[in-house]
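**Student:** Here you go, one structure.
The values are calculated or read from the model by the stated rules, or taken from the named source; none is laboratory data. This is a predicted model, so every value here is computed, not measured. FYI the Cβ positions are ideal-geometry reconstructions off the backbone, even for glycines, and counts take in every protein chain you see. Side chains are part of the model used for accessible areas, which takes the heavy atoms of the whole protein and leaves out ligands, DNA and RNA. Shrake-Rupley method; radii C 1.70, N 1.55, O 1.52, S 1.80 Å.
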Amino acid sequence: CQRCGRTICPQCQTQAAVGVQCPECVREGRASMPRTRFNPLAQFRGTDQPWVTWTIMALCVVIFVLQMLPGSQVTSALAFLAGRPFVETQPWRMLTYAFVHGSVPHIALNMLSLFLFGPALERAIGRVRYIALYLVSALGGAVAVLLRSPGGSVVGASGAIFGLLGAVFIIQRRMGANTTQLLVFIGLNLAIGFLPGTNISWQGHVGGLVAGAAVALVY
């Protein structure tokens, strides 16, 4: 251990700025750190603007405005219809549904979540990887809906956003940070989808979360 000199096995050591540290020193270091407001990727704040996040948010807002126009067919054209015929003939719906929303509270909550987690994650992994993560997470949500709820219709960016949360969790774990608050946040939001009468696609949330975590593991 670089801090106390103890001998530690490879499975127990934690990479530090210089060398490695033992579990005891890691716990002592965390206990002595000042308490700050929960921000899972605060260390990745930078000067670069998260243009991908802003672009996704702008697209969602513009598409929602178009959805609200009288006689608009935007929703029916972009929503994901979980059936084999649509997957075979219109596969793009497995991605476009993530830019369509069903109501003002729906898009407001999703854009708020994207605003809170997206910019720091984009700076942490880079724009190209961030785009890939977002789209693969959306695709994972669509696949989960197709497998667990065939015949349904799904809209919303929440599956992709759960993928971002899964990636944040993996990054935090890799860095040895405390992920308890993030786990509670993810767990509560997942649980809401299982409440009767909420009309929330928990399949899309779980699929997006798993896909996002898997992509982060690859990264």
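**Student:** Which of the residues that make up the stretch 187-219 are β-branched (V, I, T) and over 22 Å from G102 (Cβ atoms)? Explain how you work it out, then say what you get.
**Tutor:** Pass one, the stretch 187-219, residues β-branched (V, I, T): 192, 198, 200, 206, 210, 215, 218.
Passing the criteria: V210, V215, V218.
**Student:** Can you tell me which residue in the stretch 111-142 is nearest to A214 (Cα to Cα), limited to those that are open to solvent by less than 10 Å² (accessible area, probe 1.4 Å) and of a type in the set (S, T, Y)? Don't jump to the end; show me each part of the working.
**Tutor:** Pass one, the stretch 111-142, residues open to solvent by less than 10 Å² (accessible area, probe 1.4 Å): 114, 118, 121-122, 130, 133-134, 137-138, 141-142.
Next cut, of a type in the set (S, T, Y) only: 130, 134, 137.
Working: Y130: 13, Y134: 12, S137: 9 Å.
Result: S137.
**Student:** Mind checking which residues of the stretch 18-34 are open to solvent by 40 Å² or more (accessible area, probe 1.4 Å), under 12 Å from G176 (Cα atoms) and modelled with pLDDT under 85?
**Tutor:** The answer is R27, R30.
**Student:** Is there a residue being touching a residue at least 60 places away in the same chain (Cβ under 8 Å), surrounded by 16 or more Cβ atoms within 10 Å (Cβ to Cβ) and within 24 Å of F86 (Cβ to Cβ) anywhere in the stretch 159-172?
**Tutor:** Yes, that holds for at least one residue.
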